[in-house]
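The values are calculated or read from the model by the stated rules, or taken from the named source; none is laboratory data. Here the structure is a predicted model, which means the values were calculated and not measured. With ideal geometry, Cβ positions are generated from the backbone for all residues, glycine too; neighbour counts draw on all protein chains shown.
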């Protein structure tokens, strides 16, 4: 059984071996660029961990892990175009480093390459199941991205809708990937389903943590600008819960702030944070996050594997969710 | 055995039944829009024809036919963004009717939906083969699109490279789709390969005919503006063959025209057409087109099916390639 660091190294060597060398160069250069830009490789590593819950010879899950990382990067490339984002992991985004058309077309071929790698999975009889799961997963990711864009222009969004959106946009990919690991390891239907539940709940908790960090994070440790969500009037869990808990005066005030353009970003962050604090929103968000985390750990507990094999997943998930505030 | 008109109707009813009704509306409305915008449905109909070469119950090939049409429309949506095309089949393109982000994301989900429909093919054991073929095919389409974009800025393109580009960009999809029809009909490896060869060669001939029509078409019958390729300095077979056949003075002249911006489009078309005529370029293009057409018909002849079942394919192909000049 490989530990987390070894799994990551194993994946990184596979990534290196699969550097695309064939023409047309302008199509594949951006693919290599984004795939080799770094990142924690959380999704492929967790897929490999899911495999290791049930079997050895983790190399068998490498093509699927690569497919998941490829899909994730495809979605980053296209999302960055839609969001007009200039930077990704501190480097120019694909459409900035190359151009928009390159971003669209290279993204497209990455989505196809993800399927292509799925089909390299050694156990032929599993491939169909993987493709089916991959389809359902990636449709959810697109739907989640659309919901996210829809929310920007909608005046009201319920918390239920918000949780569905982040489930689709973030949790589905982690859950789909980890379930693939379980399927390749022949975990059986029930175990694969429990792995899915674990990852689905961890994915939601992860996104809630992201919402919390965006407002309450340590500026030195948080990668992005603290308060960015508030400045952009993003309808995060924090805002939606605040609107739910607030009395009508506070609700009107918060809504007004979010609908009024402002030049003084710091003042806006301070005001909104003040409202959040009055309503104990941080505690509310932590509470919900912990609820999802504990559902995740319950699912993990129930599945047939050893404590030793579950430990790296508990550690990884705790790190993801408990990132410094 | 259904005739061409019946096959098209069958496909159109399937299309209607599969109108997407689920949310998010903004994601799927553009998908329905482009899928229902019309068109000859050449690719799905020819896939169904390929199936009918070898088997009855053509309904079994409908999900794959739908997948091919979905993929084709995905590529139109993204290509139209890249080409900044305002119109498609006389109606606003998706990114014009909606917006660019919608075009990107709805295109993405269409590509996934294509895989999703492939997996609906009834004969489970065939699905893996279909996905594998679909991967290889769609990677070629992306590579062809990239080559086409590369050619715009390259000073020299060989005819061999041009043929490879149109094979990938146009013929691969027709050939992949028709081979799918053959696979679903249990045609056997050799027959499926012959169907592929037929469609591959027809696809190239079809594109050469398109090049010819763009310069020599009847303005009343040709959908687009006659002479558009010349105005845009597109490196079509006509130009590339002219550069190959011309003496050095004419070659320099033609290269100069193509590198000089002009406001008098009609004069430019007239001059270039004059050069083409001196070099008998139209006859050259017809000759090459006929070569591919005859390779196609030879492949069709060799495969195990009845004359009756081959007839609609011969008719359809002849129509596609012999469209009014």
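With the requirement that a residue be assigned to a helix (DSSP H, G or I) and buried (at least 17 other Cβ atoms within 10 Å of the Cβ), what does region B:15-24 give you?
The answer is B:15, and nothing else.
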Looking at A:2, A:27, which is the one that is touching a helix residue (DSSP H, G or I) at 6+ places or on another chain (Cβ under 8 Å) and either outside any helix (DSSP H, G or I) or within 23 Å of residue A:172 (Cα to Cα) (or both)?
-> A:2
Return yes when residue B:277 is over 30 Å from residue B:196 (Cα atoms) and in contact with a helix residue (DSSP H, G or I) (Cβ under 9 Å, 6 or more places away or on another chain) and no when it is not.
-> no
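I want to confirm something. Restricting to region A:156-169 and keeping residues that are in a helix (DSSP H, G or I) and away from chain B (no Cβ under 13 Å), which single residue is nearest to residue A:180 (Cα to Cα)?
Ranking the candidates gives A:167 first.
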Does at least one position in region B:91-101 carry a residue that is crowded, with 17+ Cβ neighbours inside 10 Å, within 20 Å of the chain's Cα centre (by Cα) and free of Cβ contacts under 8 Å to residues at least 60 places away in the same chain?
-> yes
Just checking, how many residues over region B:269-318 are without any contact (Cβ under 8 Å) to a residue 40 or more places away in the chain and more than 30 Å from residue B:44 (Cα to Cα)?
-> 9
Conditions: (1) in contact with a helix residue (DSSP H, G or I) (Cβ under 7 Å, 6 or more places away or on another chain); (2) in a helix (DSSP H, G or I). Residue A:125 meets all but one. Number of the miss?
-> (1)
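Conditions (1) at the interface with chain A (Cβ under 8 Å from one of its Cβ atoms); (2) in a loop (DSSP other than H, G, I, E, B); (3) closer than 17 Å to residue A:103 by Cβ, marked per residue:
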| residue | (1), (2), (3) |
| --- | --- |
| B:84 | no, yes, yes |
| B:95 | no, no, yes |
| B:104 | yes, no, yes |
| B:116 | yes, no, no |
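Kindly establish whether residue B:214 is part of a helix (DSSP H, G or I) and within 11 Å of another protein chain (Cβ to nearest Cβ).
When the stated conditions are applied, residue B:214 does not pass them.
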Is it true that some residue in region A:145-155 is over 20 Å from the mean Cα position of the chain (by Cα) and either assigned to a loop (DSSP other than H, G, I, E, B) or closer than 23 Å to residue B:71 by Cβ (or both)?
-> yes
Can you find a residue in region A:180-187 that is out of contact with any strand residue (DSSP E or B) (no Cβ under 6 Å at 6 or more places or on another chain) and free of Cβ contacts under 8 Å to residues at least 40 places away in the same chain?
-> no
Got at least one residue in region A:197-205 being at negative phi, out of contact with any helix residue (DSSP H, G or I) (no Cβ under 7 Å at 6 or more places or on another chain) and assigned to a helix (DSSP H, G or I)?
-> no
Give A:134, A:151 a once-over and let me know the one that is under 23 Å from residue A:299 (Cα atoms) and touching a residue at least 60 places away in the same chain (Cβ under 8 Å).
-> A:134
When only residues in region A:20-56 that are under 30 Å from residue A:306 (Cα atoms) and modelled with pLDDT under 95 count, which is farthest from the other protein chains (Cβ to nearest Cβ)?
-> A:40
Answer yes or no as to whether residue A:78 is at the interface with another protein chain (Cβ under 9 Å from one of its Cβ atoms), surrounded by 21 or more Cβ atoms within 10 Å (Cβ to Cβ) and without any contact (Cβ under 8 Å) to a residue 60 or more places away in the chain.
-> yes
Does region B:240-257 contain at least one residue that is touching a residue at least 40 places away in the same chain (Cβ under 8 Å) and surrounded by 19 or more Cβ atoms within 10 Å (Cβ to Cβ)?
-> yes
Within region A:125-144, tally of residues that are facing chain B (nearest Cβ under 7 Å) and either over 16 Å from the mean Cα position of the chain (by Cα) or crowded, with 21+ Cβ neighbours inside 10 Å (or both) | 8
